[in-house]
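What follows is a single structure, written as structure tokens, with notes after it.
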Amino acid sequence: MRFQSDLGPMDLKSNHASPVLADQVPVNMSRLGRSSSLTPYSATYSSGLHLNIPRRRALSGKLDEVRATSWLDAMKASSPPRKKMNMDINLDASPAEVDALYLSWVKIYPSALTSFEQITNYAKGKKIALFLDYDGTLAPIVDSPDHAFMSSDMRAAVKIVASYFPTAIISGRSRDKVHEFVGLTELYYAGSHGMDIIGPLRDSKIPSNNPNCITSTDEQGKEVNLFQPASEFLPMIDEVYRSLMENTKDIIGSKVENNKFCVSVHYRLVDEKSWDLVAQRVFKVLENYPWLRLTYGRKVLEIRPIIDWNKGKAVEFLLDSLGLNDRDDVLPIYVGDDRTDEDAFKVLREGNKGCGILVSSAPKETNAYYSLRDPSEVMEFLTSLARWKKTEMATH
Ligand SMILES: O=P(O)(O)OC[C@H]1O[C@H](O[C@H]2O[C@H](CO)[C@@H](O)[C@H](O)[C@H]2O)[C@H](O)[C@@H](O)[C@@H]1O
């Protein structure tokens with residue numbers, strides 16, 4: 001299966017000249033191993049997915065300076081106001097130029113709504129598996145992370161689509177929090193960027209001796225697989241959460257969120273003049289935690305274990321648990337809006353497995369094949385998918 005845009009097969013390298021900063025930046029290169037009681041480990045489950053702690057390289061002080069500047073640039077560029085677009089685009093562009101840029105971008109990453117027929121043509125005779133990000137995808141981005149509610153219409157759309165296709169929510173939030181927001185029991189949930197997964201129980205390939213994967217029961221008493229590849233990091237994450245709270249408490253507007261296996265430091269409500277202060281404080285705290293790394297999302301710095309695990313691996317894990325991985329008769333669709341969703345888009349693109357749909361109203365470098373402007377278009381897409389399936393079932 002090969003997805004193709006209106007302009008022909010995707011060639012990411014030639015689409016955009018200047019990719020944004022690489023997000024997998026390990027922190028505290030210089031104090032490697034000083035304060036951690038953890039030893040490097042490598043875990044695996046039998047489908048061939050590996051959890052590796054990457055080797056660290058020493059960085060000079062000069063490089064550290066470059067890194068800090070790059071982070072500030074990245075922080076400024078994340079979730080840009082519409083008139084500024086993002087750092088791939090000329091910052092001085094006028095609204096008309098911005099619109100023109102969007103129109104040429106959407107030719108490369110066509111709307112999943114206007115390309116709906118193309119998508120359902122791929123899906124004919126296949127089983128769709130649906131993966132949905134939460135913030136910015138099912139719920140609009142709002143100032144306060146505690147108030148990122150999804151609408152009841154969106155909930156109804158997710159519920160109906162999940163009645164036709166296996167559906168999972170994959171979020172950077174803690175699994176409990178995102179489950180609470182979504183409020184549907186019929187879905188699978190992966191929180192902490194995939195480091196906390198509740199998936200289906202099957203006579204799966206996961207070896208029973210894998211300490212990160214246990215059989216558990218969900219709130220309904222149903223048996224499920226609980227996979228927590230970063231469980232060893234729990235005390236460290238709690239500690240760093242407290243330390244970040246303490247060290248940022250004087251920065252007005254900053255907010256630290258405990259997402260169980262990762263921590264978010266929000267700066268959406270911080271005066272832009274203090275963004276470098278936020279970055280400095282976060283770097284300072286992380287100096288003591290060589291086994292944690294920093295990534296970023298929409299006006300948020302995210303601190304997480306350095307294990308080789310992400311939303312892409314979570315998609316593979318869930319497909320595997322569902323018995324749907326590496327099958328020609330399966331079409332996984334992943335819908336997400338942020339940098340961490342790119343890992344999932346990449347897995348689907350590289351394995352020619354399925355399609356990623358980026359939710360964005362601004363041009364962005366992406367590994368997705370299609371785009372949707374905002375959560376309201378996501379809702380329309382989900383509703384259309386359910387309607388299409390219903391008709392297909394009635395006519396076959
Ligand atoms: O993977 P996701 O479900 O997209 O989670 C990523 C982060 O989402 C949340 O932060 C973002 O949404 C907030 C509410 O709209 C917004 O205020 C914030 O600026 C955004 O970055 C969540 O609060 C984070 O913990 C997640 O890491």
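The values are calculated or read from the model by the stated rules, or taken from the named source; none is laboratory data. As the structure is a prediction and not an experimental result, all values here were calculated from the model. FYI the Cβ positions are ideal-geometry reconstructions off the backbone, even for glycines, and counts take in every protein chain you see. Quick note on the areas: whole protein, heavy atoms, side chains included, nothing else; ligands and nucleic acids left out. Shrake-Rupley method; radii C 1.70, N 1.55, O 1.52, S 1.80 Å.
Would you mind putting 96-102, 163-169 in packing order, based on average other-beta-carbon counts within 10 Å, highest first? Don't skip to the answer; put the middle values down first.
Details: 96-102: 14.0, 163-169: 20.6.
Peptide ranking by packing, descending: 163-169, 96-102.
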Search the structure for amide H atoms under 5 Å from the amide H of residue 168, placed 1.01 Å from N in the peptide plane, and list their residues when 5 or more places away or on another chain. 130, 131, 132, 188
Can you give me the Cα centroid spacing of region 316-339 and region 158-182 in angstrom? 14 Å
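Accessible area per residue, 1.4 Å probe, Å², for region 310-379: what's the number? Write down the numbers at each step before the final one.
Values: 1820 Å² over 70 residues.
Per residue, region 310-379 has 26 Å² of solvent-accessible surface.
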Would you tell me the accessible area of residue 188, worked out with a 1.4 angstrom probe on the heavy atoms of the protein chains, in Å² to the nearest 10? 50 Å²
Per residue of region 305-316, in order, report the coupling 6.51 cos²θ - 1.76 cosθ + 1.60 (Karplus, θ = phi - 60°) as ³J(HN,Hα) in whole Hz, putting x for Gly and Pro. x, 7, 4, 7, 9, 7, 5, x, 5, 5, 4, 4
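Under 1.5 on a/c is rounded, so check that first for region 156-279, then, if it is not, pick prolate when a/b is larger than b/c and oblate when it is not; a ≥ b ≥ c are the square roots of the alpha carbon gyration tensor eigenvalues. Mind showing how you got there, number by number?
On the way: a/c = 3.25, a/b = 1.70, b/c = 1.92.
Oblate, because a/c is 1.5 or more while a/b does not exceed b/c.
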If contacts are Cα pairs under 8 angstrom and at least 6 residues apart, what is the relative contact order of region 108-246 in percent? 15 percent
From the residues 303, 269, 321, which one has its Cα farthest along the dipole of region 253-339 in the positive direction, the dipole being from +1 and -1 charges on Cβ of Lys/Arg and Asp/Glu about the Cα centre? 269
Quick one: Karplus J couplings for region 285-299, per residue in order, coefficients 6.51, -1.76, 1.60, θ = phi - 60°, nearest Hz, x for Gly and Pro? 4, 6, 4, 8, 10, x, 9, 10, 10, 10, 10, 9, x, 7, 6
If packing is taken as the average count of other Cβ atoms within 10 Å, what order do 227-233, 293-299 fall into, highest mean first? 227-233, 293-299
If you plug each phi of region 253-266 into the Karplus form 6.51 cos²θ - 1.76 cosθ + 1.60 with θ = phi - 60°, what whole-Hz ³J(HN,Hα) values come out, in order, with x for Gly and Pro? x, 6, 8, 10, 10, 8, 9, 6, 9, 7, 10, 10, 10, 8
Run through all the Cα pairs of region 212-267 and give the fraction in each 5 Å bin from 0, expressed as whole percent. 4, 18, 19, 15, 14, 11, 9, 7, 3, 0
